[in-house]
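The values are calculated or read from the model by the stated rules, or taken from the named source; none is laboratory data. Model, not experiment: these values are computed from the prediction. With ideal geometry, Cβ positions are generated from the backbone for all residues, glycine too; neighbour counts draw on all protein chains shown.
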Amino acid sequence: MNEYSVLAPKPSERTATAYRFEVKLPPNATQSLKVEEERTYLNSVEVMASTPDFLFSLVENKDLSDSARSQLKRIADLKNQLVEAESSLQSFKTQTNDLTQDQTRIRADIDSLNRVKGQEDQVRSYSAQLAANEVELAKIRDHRREFELRKTDLDSQVRKAMDALQF
């Protein structure tokens, strides 16, 4: 009985070994009752494509062994770190694009101001901004390389943990 679940109609009572259904009938009448049940034969989950949140929900499954729970928790933790690394990489990409667009605008302004007499102070100010942007871009590129290496390492760790996964 535990392998099956009743879909319809809803039982009015459940005992240790049976479901009881209430059917109203006039005296000496008969009626058949169609009961729909379902049984799960196989339940599988693609761990590699699963999100960390979904994996954490699987860890809460009471039917899992402690070993399986521990393995899934480790994979979920790694995938969570991977998501954070990817988010940081995206942030670095956005910052790089913003600074690059800013530099393009500043260069255009410098080019325009170079054609006008008496704008040397403004050109120097813009040149200082360009230099500061270059320093910031170099820092972002360094951080981006670090996170790309971290992401590669985390990808490798997730694959190894998946290969070692045993239930």
Looking only at residues in the stretch 111-167 that are among the β-branched types (Val, Ile, Thr) and surrounded by 14 or more Cβ atoms within 10 Å (Cβ to Cβ), which one is farthest from the chain's Cα centre (by Cα)?
123
By residue number, the members of the stretch 106-160 that are touching a residue at least 40 places away in the same chain (Cβ under 8 Å) and of a type in the set (A, V, I, L, M, F, W, C) are 137, 140, 147, 154, 158
Residues satisfying the stated conditions in the stretch 60-77, i.e. part of a helix (DSSP H, G or I), without any contact (Cβ under 8 Å) to a residue 60 or more places away in the chain and of a type outside the set (A, V, I, L, M)
66, 69, 70, 73, 77
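Confirm whether residue 114 is more than 30 Å from residue 49 (Cα to Cα), modelled with pLDDT under 95 and in contact with a helix residue (DSSP H, G or I) (Cβ under 8 Å, 6 or more places away or on another chain). Quick ask: steps written out before the conclusion?
Details: more than 30 Å from residue 49 (Cα to Cα): yes; modelled with pLDDT under 95: yes; in contact with a helix residue (DSSP H, G or I) (Cβ under 8 Å, 6 or more places away or on another chain): yes.
Yes: the conditions hold for residue 114.
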Qualifying residues in the stretch 46-79 (those that are crowded, with 16+ Cβ neighbours inside 10 Å and of a type in the set (S, T, N, Q)) - the one nearest to the chain's Cα centre (by Cα):
50
Which of the residues spanning the stretch 80-110 are polar (S, T, N, Q) and over 19 Å from the mean Cα position of the chain (by Cα)?
94, 95, 96, 97, 100, 101, 103, 104
When you look at residue 99, is it within 30 Å of residue 137 (Cβ to Cβ) and in contact with an Asp or Glu (Cβ under 8 Å, 6 or more places away or on another chain), yes or no?
yes
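Answer with yes or no whether residue 160 is out of contact with any strand residue (DSSP E or B) (no Cβ under 8 Å at 6 or more places or on another chain), closer than 15 Å to residue 79 by Cα and not aliphatic (A, V, I, L, M).
yes
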Residue, modelled with the lowest pLDDT, within the stretch 137-160, restricted to residues that are among the hydrophobic types (A, V, I, L, M, F, W, C) and over 29 Å from residue 102 (Cα atoms):
158
